[in-house]
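What follows is a single structure, written as structure tokens, with notes after it.
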Amino acid sequence: MSDLIKHISDASFEDDVLKSEVPVLVDYWAEWCGPCRAIAPALEELAAKYEGKVQIVKLNVDENSETAGRYGIRGIPTLSIFKGGQVVQSLSGARPKSDMSAFIESHL
């Protein structure tokens, strides 16, 4: 696991995501989710590519159902970009790294 990707919780969500000075990509995931594991290496590469521009965080939906429920997360993996404390766009399902990179680029 990359030092560039932070694991967050319901308790830390406000400080880690909503109050962030930079855009935050939240990866809603779970241990048992195969597609979530499949995109993890690409997210690690993207965390290095966009270091200092975007913070990538992971929120385990099984352990943090309050936040997942608040943002209407119904399927995983779901990636959401937050800017200024607000969700600006979300993507659901496993995507190729190029799609995830374009998703991030569109919000820089």
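The values are calculated or read from the model by the stated rules, or taken from the named source; none is laboratory data. These numbers come from a predicted model, not from an experiment. No Cβ is skipped: glycine too gets one built from the backbone with ideal geometry, and neighbour counts run over all protein chains shown. To get the accessible areas, we keep the full protein, side chains included, count just its heavy atoms, and leave off ligands, DNA and RNA. Shrake-Rupley method; radii C 1.70, N 1.55, O 1.52, S 1.80 Å.
Per-structure values
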{"item": "G84, sole failed condition from (1) without any contact (Cβ under 8 Å) to a residue 40 or more places away in the chain; (2) farther than 18 Å from H107 by Cβ; (3) small (G, A, S)", "result": "(2)"}
{"item": "A48 vs. criteria of a type in the set (G, A, S) and either touching a residue at least 24 places away in the same chain (Cβ under 8 Å) or in a helix (DSSP H, G or I) (or both)", "result": "yes"}
{"item": "Single unsatisfied condition, E14 versus (1) in a loop (DSSP other than H, G, I, E, B); (2) among the charged types (D, E, K, R); (3) exposed (fewer than 14 other Cβ atoms within 10 Å of the Cβ)", "result": "(1)"}
{"item": "Any hit, segment 36-50, residues being closer than 16 Å to I73 by Cα, among the aromatic types (F, W, Y) and either open to solvent by 30 Å² or more (accessible area, probe 1.4 Å) or at pLDDT 95 or above (or both)", "result": "no"}
{"item": "Unmet criterion (only one of (1) open to solvent by less than 50 Å² (accessible area, probe 1.4 Å); (2) at pLDDT below 95) for I76", "result": "(2)"}
{"item": "Counted residues, segment 17-38 - those being assigned to a helix (DSSP H, G or I) and in contact (Cβ under 8 Å) with a residue 40 or more places away in the chain", "result": "5"}
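Yes/no per residue for (1) touching a strand residue (DSSP E or B) at 6+ places or on another chain (Cβ under 9 Å); (2) part of a loop (DSSP other than H, G, I, E, B); (3) under 16 Å from V17 (Cβ atoms):
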residue: A40; (1), (2), (3): yes, no, no
residue: I56; (1), (2), (3): yes, no, yes
residue: E66; (1), (2), (3): no, no, yes
residue: G69; (1), (2), (3): no, no, yes
residue: G75; (1), (2), (3): yes, yes, no
residue: I81; (1), (2), (3): yes, no, yes
residue: V87; (1), (2), (3): yes, no, yes
